[in-house]
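The values are calculated or read from the model by the stated rules, or taken from the named source; none is laboratory data. Since we're looking at a predicted model, the values are computed, not measured. No Cβ is skipped: glycine too gets one built from the backbone with ideal geometry, and neighbour counts run over all protein chains shown. Protein only, heavy atoms only, side chains kept; ligands, DNA and RNA dropped before computing areas. Shrake-Rupley method; radii C 1.70, N 1.55, O 1.52, S 1.80 Å.
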Amino acid sequence: MVSIEGLGKRYRLRHVDQEPYVALRDVMTSAMSAPLRWLKPGPASKTLAEDFWALKDVSCEIARGEVVGIIGRNGAGKSTLLKILSRITEPSTGRVTLHGRVASLLEVGTGFHPELTGRENIFLNAAILGMSRAEIARKFDEIVAFADVERFLDTPVKRYSSGMYVRLAFAVAAHLEPEILVVDEVLAVGDAEFQKKCIGKMQNVSRGGRTVLFVSHNLASVEALCSRAVLLSSGHVAMDGPVREVIAAYHAMTNARDDRAEPFNPMFRRATSPVFVSATLVDHEGRPTSQMMVGDRFVLEMVVRPEQPLHNPSIGIAVDDMLGRRILDLHNPLSRDEFG
């Protein structure tokens, strides 16, 4: 359904080398003290340019019915890739071959007119996406029910919240029944119930033999929806494979960056709170570590210096998995009544 060969996108960045900022009073003082100086031409500002490759040599094949997650850090090139696939921008190098109709949802409210009502924007946006008027009328009730905006259907969308915007926009795009559905990070503005509904809808779309490209920083959603993932890093494909393996590689890449950062040293300075000086994870052999395997025993050593004696202190510990899901939450009193 989608063939990407040697894709690249280059932007030309221009930097103007200007003189430092000068206050208006300094300009007026200088003009009065030396009026003839202003008759001489000043130095021309220099324009410096450099090339920035948002994508470079990206290649992959996506089959019919595949649900592919595209993940990576901010600036990795995810949105640029989707804009090229949606034909919003042209590639600088390489080519993309698409077989079928494409529906894309890249930004909240794309294709909506703020002065028109929700009802009018359904017809407008669906027509922009390629639906006929008869097709829109046939699916109108389904779109409204999915978006859950019946009460505000005849209200101008400029009064909608961002969540209502995206609900309506996704409902229109999802009911277009495209061969290829492209969804960027817009679902993040919806609530948990709506995100679950959208994931279910995209799963139904894929089971119908259509292809879904899904960009999200919510890795739990990517794992739940996708069977395959593509990891982008600095405009290149760092990894392409099963979704769990790619997510693990992404976390390993992120942890490698974190290990080069400053050591953990949170300082919660409030008048009646202790100050956490350090926290160290120690394995069963007493060695500091940053990674533990399932079933391993470990000790969490914390150094705390309270600003004043604490009575009946307690400590809370929360553990999240690599997808950001809470898996452990402890809150226990300490064994001593008081420490200082």
Residue ID - nearest to SER3 (Cα to Cα), chosen from residues in the range 91-125 that are open to solvent by 50 Å² or more (accessible area, probe 1.4 Å) and hydroxyl-bearing (Ser, Thr, Tyr): THR93
Number of the condition not met by ASP240 [criteria: (1) touching a residue at least 60 places away in the same chain (Cβ under 8 Å); (2) touching a Lys or Arg at 6+ places or on another chain (Cβ under 8 Å); (3) open to solvent by less than 60 Å² (accessible area, probe 1.4 Å)]: (3)
Subset tally (residues that are touching a Lys or Arg at 6+ places or on another chain (Cβ under 8 Å) and open to solvent by less than 20 Å² (accessible area, probe 1.4 Å)) for the range 206-223: 2
ILE143 free of Cβ contacts under 8 Å to residues at least 24 places away in the same chain and open to solvent by less than 10 Å² (accessible area, probe 1.4 Å): no
Some residue of the range 173-184 being assigned to a helix (DSSP H, G or I), without any contact (Cβ under 8 Å) to a residue 60 or more places away in the chain and open to solvent by 10 Å² or more (accessible area, probe 1.4 Å): no
Residue match in the range 164-177 (condition: charged (D, E, K, R), in contact with a Pro (Cβ under 9 Å, 6 or more places away or on another chain) and at pLDDT below 85): no
Answer residue from the range 146-172, given it is touching a residue at least 24 places away in the same chain (Cβ under 8 Å) and small (Gly, Ala, Ser) and is farthest from MET202 (Cα to Cα) among those: SER162
The range 126-140 - residue that is open to solvent by less than 40 Å² (accessible area, probe 1.4 Å) and within 31 Å of the chain's Cα centre (by Cα) and, of those, modelled with the lowest pLDDT: LEU129
Matching residues in the range 185-225 - criterion: being basic (Lys, Arg) and not in a helix (DSSP H, G or I): ARG210
Selection status of VAL230, open to solvent by 30 Å² or more (accessible area, probe 1.4 Å), β-branched (Val, Ile, Thr) and touching an Asp or Glu at 6+ places or on another chain (Cβ under 9 Å): no
Among (1) touching a Cys at 6+ places or on another chain (Cβ under 9 Å); (2) under 25 Å from TYR160 (Cα atoms) - the single one VAL67 does not satisfy: (2)
Checklist (1) open to solvent by 90 Å² or more (accessible area, probe 1.4 Å); (2) modelled with pLDDT of 90 or more; (3) under 30 Å from GLY200 (Cβ atoms) applied to LEU81, failing item: (1)
Failed item, numbered, when MET302 is tested on (1) at pLDDT 65 or above; (2) open to solvent by 80 Å² or more (accessible area, probe 1.4 Å): (2)
